[in-house]
Amino acid sequence: MTERLSKDTLLKLRRYNSPTIYNGWEQITKQDVTKGNFNLDEVKDFMPQLGPMVGYAVTLVIEPSNIEHKKHKVERLREYRKYIASVPGPKIVVVKDLDKVHVGSFWGEVNATIHRSLGCVGTIVDGAVRDVDEMAQAGLKALAKRLCVGHAHVTPIDWNCEVEVFGCKIKPGELIHADQHGFLTIPQEDEGRLLEAAEFMDQNEMNTVIPSAWNTAGKSTEEILAEIERGGEKFRSAMRSKFQKDGEW
């Protein structure tokens, strides 16, 4: 297993929203930043009050509509929980629901409480969740497609495998940052510089383009536009100095 970021670094990453993390990540990555590392399909944060979550992916596949899976539910749950417990936290459970019509949820108050005790901080489910108030009280954040009332025949049928959710492929062990905007996966080679890059981009905006649009009272449109242009050049200059690349402002 590759070395993971320290707890204090992960906590600092959690202070920022996912767009700010993306702003930093795009400066340091060699990946195509237009696809592949974030949700391409719409996803809803059902616990925005819990703020962003940061953790390493553990994965699960379910098919709640298929009653045949219940024949092996006890032993599969036991083995799946052993897998979850064996991985160091913080962990985000990424769940692939094979059903096209989402008739049941793996998540509720009980599973949220169990997973929180095993070091999980949240879940991303391309299906349904329920008991969202109780899940939030347990401290497990959920991003999903929709809500539902039941669990149907939900059983772990595969885990610790690559899954595709919301148009994004996720492997076990990948770092994830998620909030009400969606989620972003970070390639292992980008993890070490991520916090520094995100902090820099946040401060660069606050020191240049954002204050350039303050205090506009009494100024003409031409003066406002000129000040914004000066702020943009300061922003780009700082970007070139830090990352040897130009900025969008």
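What's the number of the only condition in (1) buried (at least 23 other Cβ atoms within 10 Å of the Cβ); (2) farther than 21 Å from CYS161 by Cβ that GLU109 fails to meet?
Result: GLU109 fails condition (1) only.
Inside the range 43-68, can you point out the residues that are over 20 Å from ALA144 (Cβ atoms) and either surrounded by 14 or more Cβ atoms within 10 Å (Cβ to Cβ) or not aliphatic (A, V, I, L, M) (or both)?
GLU68
Could you please tell me which pairs satisfy a Cβ distance under 7 Å, a separation of 6+ or placement on different chains, a first residue in the range 107-125 that is at negative phi, and a second residue that is among the polar types (S, T, N, Q)?
Between residues of the range 107-125 that are at negative phi and residues that are among the polar types (S, T, N, Q), the close pairs are TRP107/THR123.
Regarding VAL125, is this residue more than 12 Å from ALA57 (Cβ to Cβ) and either touching a Phe, Trp or Tyr at 6+ places or on another chain (Cβ under 7 Å) or in a helix (DSSP H, G or I) (or both)?
Working: more than 12 Å from ALA57 (Cβ to Cβ): yes; either touching a Phe, Trp or Tyr at 6+ places or on another chain (Cβ under 7 Å) or in a helix (DSSP H, G or I) (or both): yes.
Here the answer is yes, as VAL125 does meet what is asked.
Which residues, counting only those in the range 53-103, are among the β-branched types (Val, Ile, Thr) and more than 17 Å from CYS120 (Cα to Cα)? Break it down stepwise before answering.
Within the range 53-103, the first condition is being among the β-branched types (Val, Ile, Thr), and the residues that meet it are 54, 58-59, 61-62, 67, 74, 84, 87, 92-95, 101, 103.
The answer is ILE62, ILE67, VAL74, VAL101, VAL103.
Which of the residues spanning the range 82-119 are of a type outside the set (Lys, Arg), outside any loop (DSSP other than H, G, I, E, B) and farther than 14 Å from GLN137 by Cα?
Answer for the range 82-119, where residues must be of a type outside the set (Lys, Arg), outside any loop (DSSP other than H, G, I, E, B) and farther than 14 Å from GLN137 by Cα: TYR83, ILE84, ALA85, SER86, ILE92, VAL93, VAL94, VAL95, ASP97.
Go through (1) more than 17 Å from ALA57 (Cα to Cα); (2) touching a Phe, Trp or Tyr at 6+ places or on another chain (Cβ under 8 Å) and name the single condition ILE176 misses.
ILE176 satisfies every listed condition except (1).
Do we find that LEU140 is closer than 15 Å to VAL93 by Cβ and among the hydrophobic types (A, V, I, L, M, F, W, C) in this structure?
Details: closer than 15 Å to VAL93 by Cβ: yes; among the hydrophobic types (A, V, I, L, M, F, W, C): yes.
Yes, satisfied.
Rule-based calculations on the coordinates, nothing more; no lab input. All of these numbers come straight from a predicted model, not from anything done at the bench. Quick reminder, even Gly has a Cβ in these numbers, built from the backbone with ideal geometry, and neighbours come from all protein chains shown.
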